[in-house]
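**Q** So that we are looking at the same thing, I have put the structure below in structure tokens.
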2 protein chains.
Amino acid sequence: MSDRSLLIGLDFGGTKLAAGLVDPARGDLVASVRRPTEPEGGATLALATMLEMARELVANTPGEVGGVGINFGGPVDAAAGVVLQSHHVAGWDGFPLAARVGAALGLPTTLENDANGQALAEWRFGAGRGSRSMAYLNVGTGIGGGIVLEGRLWRGAHGMAGEFGHMVVRPGGPVCTCGRGGCLEALAAGPAMGRRARAALAAAPPEIRDRSAMLRRAGSVAAVTGRELTGAAADGDTLALEVLDAIFADLALGIANILSGVDPDLLVLGGGAADWAPTLFARLLEGVRTVCLPGTENQIALSPAALGADAGIFGGAAIVLQPRA
Amino acid sequence: MSDRSLLIGLDFGGTKLAAGLVDPARGDLVASVRRPTEPEGGATLALATMLEMARELVANTPGEVGGVGINFGGPVDAAAGVVLQSHHVAGWDGFPLAARVGAALGLPTTLENDANGQALAEWRFGAGRGSRSMAYLNVGTGIGGGIVLEGRLWRGAHGMAGEFGHMVVRPGGPVCTCGRGGCLEALAAGPAMGRRARAALAAAPPEIRDRSAMLRRAGSVAAVTGRELTGAAADGDTLALEVLDAIFADLALGIANILSGVDPDLLVLGGGAADWAPTLFARLLEGVRTVCLPGTENQIALSPAALGADAGIFGGAAIVLQPRA
């Protein structure tokens, strides 16, 4: 593969399939295509659809394509190129995805899980460009993460490094999807944000609740999610800011623990967090400064992720460029 | 330096100075000498004493000495070879220790802080030999740590990586030396162990207190420290085991967070923890299994440190052998 080759990034997500051609030298997305995931079609349909998308991209580019990187939304054995499982679509358990895609497209193909791929993508093409080390925290339906040290993904001994969503920060706190209590994910991921906002609305006096910008945005208490919470908070809604400050206090604890344990140059927040208004981001930074190890307040560097919905595609390309262990 | 050179390891601790000659190929301590620290003499006396010890070692060995590694009990700028500060002895702030020792002994000299040096020592010469990645947790007067990934120390962007003692695991918990509440160090380091044991004895009914093996070992409630706690617990003392189980529940939370964030092959426990009876170690492992991310119970590897009081000397040698960034 020459330095001027384009790379195919394939992003198998829970709700969408995305494929793109990335120019690694320029950090550009040359072309991309996206389709919804059809869970009832299982792994077979998802793979066939993705291969069709990839072939379409290759057919329409005059450039040379040097490799394929797959970003998969679930645990994988990266070294073996095999999917371990998918929570969203049937048929993926033990699937040799890298080998199948590589054979179908006739190109060297590598596989990584989505949080790791996004972390590498932000380090190489996004908010982490130029940093020596970077931790990545994806705040979405769950909280995932990744660690990039001197340009290399640190996967961990069992592929679990960067699983910051399952750091217990409030022992005995709300029950997590993992079954334990007080994980960062159970306190500060999207569903927890919605839950905490709805609980605050339900507990508020009617005159406060009825004036809440969260309610106005969602239509009903039951329809309030993390999106209405952060939107209303960005508009200055008092109740939303109160709820968000409590959530940010938990998230800040998790971030402070990452900073004192891993001590990266930069922590990048992706997923829904990348869309938070700058005023909210500043509020979170202030929260981290309040709970961090005293004396380290001024060395904290947080940044929203820069690649948005294309992070998965860029992640595929970044995986190909990653030195192999 | 040839592969068969001996290395000098110098260990500047809070209460003692130790120097040794290490045969790196065999992992042997060829010779060593130790003297108490005299804090009133400041950095000047400590350095002079240490140089005298090092010269004595060199004079008495027939082998070739290839380099010097210094393990310093306090924060250092490893790249610059400069001590940042010492909590125990005056005169160290900003001291160019590596350059001064190097010039005095005429040997290439490198500097590292003690937790990082001990981590490297355990990885290269001790309990972590053969592991691909290792986290180190020193449970002593404080809780320090270090991270070794594929044979290299990960120092972090600000030299703080592995500061696991300041992971907040019980927000609002006991006040830490850092000023915050609920740090691992404030819950499970030696002083916290003593404090929790004394509080349990003070709160126990007289007939329980008076029969406690902790009291028998210490002579009075006020004299009980972590040592009497772990000794009595190893003997099966019920109250000591109760206190220790509560402490281990906190320590286990911290360890579980390290495992899911850094995911090393092995976690090595040094300091006082290395001397805990095997039954206590087994109890801690069970505690980690209880609070770890479900599904990871069987991949947990904990080990007591193997180098004991020589860890600092071996740390010096391991620092010299560390590839430079």
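**Q** Just how far, in whole angstrom, is the stretch B:267-299 from the stretch B:86-102 if you go by their alpha carbon centroids?
**A** Distance between centres, Cα-based: 36 Å.
**Q** Using 0.36 nm times the number of residues separating residue A:301 and residue A:235, minus their current alpha carbon distance, what extension gain do you get?
**A** Here the answer is 21.3 nm.
**Q** I need to check one value: relative contact order of the stretch A:133-305, counting alpha carbon pairs closer than 8 Å and at least 6 residues apart, in percent.
**A** 23
**Q** For the B and A pair, go ahead and give the buried accessible area with a 1.4 Å probe, both sides summed, in Å² to 100.
**A** The contact between A and B buries close to 3300 Å².
**Q** Oh, and also: Suppose R0 equals 60 Å. What FRET efficiency, 1/(1 + (r/R0)^6) with r the Cβ-Cβ distance, do residue B:199 and residue B:64 give to the nearest 0.05?
**A** Taking R0 as 60 Å, the efficiency between residue B:199 and residue B:64 is 0.60.
**Q** From the label point of residue B:28, set 7 Å from Cα along Cα→Cβ, how far away are the matching label points in the other copies, in nm, ordered shortest to longest?
**A** For residue B:28, the other copies' label points sit at 6.5 nm, shortest first.
**Q** Distance in nm between label sites at residue A:245 and residue A:281, each 7 Å beyond Cα in the beta-carbon direction?
**A** Simple spin-label model gives 2.2 nm for this pair.
**Q** Can you work out the accessible area per residue across chain B, with the rest of the protein chains kept in place, probe 1.4 Å, in square angstrom?
**A** Ligands and nucleic acids excluded, the figure is 39 Å² per residue.
**Q** Next up: Tell me the relative contact order for chain B as a rounded percent, counting alpha carbon contacts under 8 Å between residues six or more apart.
**A** 20
**Q** Highest first, please rank the peptides B:108-119, B:230-241 by the mean number of other Cβ atoms sitting within 10 Å of their residues.
**A** B:108-119, B:230-241
**Q** Just order A:201-208, A:174-181, B:249-256 by mean Cβ neighbour count inside 10 Å, highest at the front, would you?
**A** B:249-256, A:174-181, A:201-208
**Q** Could you please state, rounded to a whole Å, how far the C-alpha centre of the stretch A:158-188 is from the C-alpha centre of the stretch B:129-152?
**A** 23
**Q** So which residues of the stretch B:146-163 lose at least 40 Å² of accessible area, probe 1.4 Å, when you go from the chain by itself to every protein chain present?
**A** In the stretch B:146-163, residues shielded by partner chains: B:149, B:150, B:154, B:157, B:158, B:160.
**Q** Right, another one. Excluding residue B:187 itself, what net charge comes from residues whose Cβ is under 14 Å from its Cβ, given Lys and Arg +1 and Asp and Glu -1?
**A** Residues near residue B:187 contribute +1 overall.
**Q** Can I get the semi-axes of chain A's equivalent ellipsoid? Compute them from the C-alpha gyration tensor as square roots of 5 times the eigenvalues, in angstrom, largest first.
**A** So the equivalent ellipsoid measures 35, 22, 18 Å along its semi-axes.
**Q** Grab the DSSP H runs of the protein assembly as shown that are 4 residues or longer, score each as -39,500 (n - 2.57), total them, divide by all residues and round the 222 nm result to the nearest 500 deg cm²/dmol.
**A** The helix contribution divided over the protein assembly as shown gives -12000 deg cm²/dmol.
**Q** Local charge sum around residue A:265 (other residues, Cβ-Cβ under 11 Å, Lys/Arg +1, Asp/Glu -1)?
**A** Here the charged neighbours net out to -1.
**Q** Using a cut-off of 15 Å between beta-carbons, work out the net charge of the residues near residue A:305 (Lys and Arg +1, Asp and Glu -1, residue A:305 not included).
**A** Summing Lys/Arg as +1 and Asp/Glu as -1 gives -3.
**Q** Taking the Cα-to-Cβ direction at residue B:222 and at residue A:104 and moving 7 Å from each Cα, how far apart do the two end points lie in nm?
**A** 7.7
**Q** Give me the percent relative contact order of the stretch B:21-86, please, defined on Cα pairs under 8 angstrom at least 6 residues apart.
**A** 17
**Q** Beyond 17 Å, what percent of the Cα pairs of the stretch A:17-106 remain?
**A** 51
**Q** A further question on this structure: For chain B, with all protein chains present and a 1.4 Å probe, just round the carbon and sulfur fraction of the accessible area to a whole percent.
**A** Carbon plus sulfur share of accessible area: 52 percent.
**Q** Something else about it: Take every DSSP beta bridge with both residues inside the protein assembly as shown and express the antiparallel ones as a percent of the total, to the nearest 5.
**A** If I count the DSSP bridges inside the protein assembly as shown, around 55 percent turn out antiparallel.
**Q** On to the next question. Angle, helix B:238-261 long axis vs. longest principal axis of chain B, Cα atoms, 0 to 90°, nearest 10?
**A** Taking the Cα atoms of chain B, the angle to B:238-261 is about 50 degrees.
**Q** Between residue B:132 and residue B:51, what FRET efficiency comes out of the Förster formula 1/(1 + (r/R0)^6) with R0 = 30 Å and r the beta carbon distance, rounded to 0.05?
**A** Step by step, r from the Cβ atoms, then E = 0.20.
**Q** Take the eigenvalues of the Cα gyration tensor for the protein assembly as shown, scale each by 5, and report the square roots as semi-axes in whole Å, largest first.
**A** 45, 33, 22
**Q** To the nearest 0.05, what FRET efficiency results for residue B:38 and residue B:77 with a Förster distance of 30 Å applied to their C-beta separation?
**A** The computed FRET efficiency comes out at 0.75.
**Q** Another question about this same structure. Could you work out how much longer the chain between residue A:15 and residue A:208 gets when fully extended? Use 0.36 nm per residue separation minus the Cα distance between them, nm to one decimal.
**A** Here the segment from residue A:15 to residue A:208 would lengthen by 65.9 nm.
**Q** Also, quick follow-up: Considering the dipole of the stretch A:98-233 built from charges on the beta carbon (Lys and Arg +1, Asp and Glu -1) around the Cα centre, which of A:137, A:158, A:173 is farthest to its positive end?
**A** Checking the options against the dipole of the stretch A:98-233, the answer is A:173.
**Q** Treating the point 7 Å from Cα along Cα-beta-carbon as the label, what are the nm separations from residue A:132 to the other copies, to one decimal?
**A** Distances to the matching label points in the other copies: 2.5 nm.
**Q** Place the label 7 angstrom along Cα→C-beta at residue B:323 and in each other copy, then list the distances from the first to the rest in nm, shortest first.
**A** Here the equivalent label points are 0.7 nm apart from this one.
**Q** Which positions within the stretch A:249-279 get 30 Å² or more of their accessible surface covered by the other protein chains, compared to the chain by itself, with a 1.4 angstrom probe?
**A** A:253, A:257, A:260, A:261, A:262, A:263
**Q** Looking only at Cα atoms, what is the convex hull volume of the stretch A:133-305 per residue, in Å³?
**A** 112
**Q** Over all residues in B:286-297, what is the mean tally of Cβ atoms on other chains that come within 10 Å of each residue's Cβ?
**A** Mean number of neighbouring Cβ atoms from other chains: 3.
The values are calculated or read from the model by the stated rules, or taken from the named source; none is laboratory data. Everything numeric in this text was worked out from a predicted model, so none of it was measured. Quick reminder, even Gly has a Cβ in these numbers, built from the backbone with ideal geometry, and neighbours come from all protein chains shown. All accessible areas refer to the heavy atoms of the entire protein, side chains included, with ligands and DNA or RNA removed. Shrake-Rupley method; radii C 1.70, N 1.55, O 1.52, S 1.80 Å.
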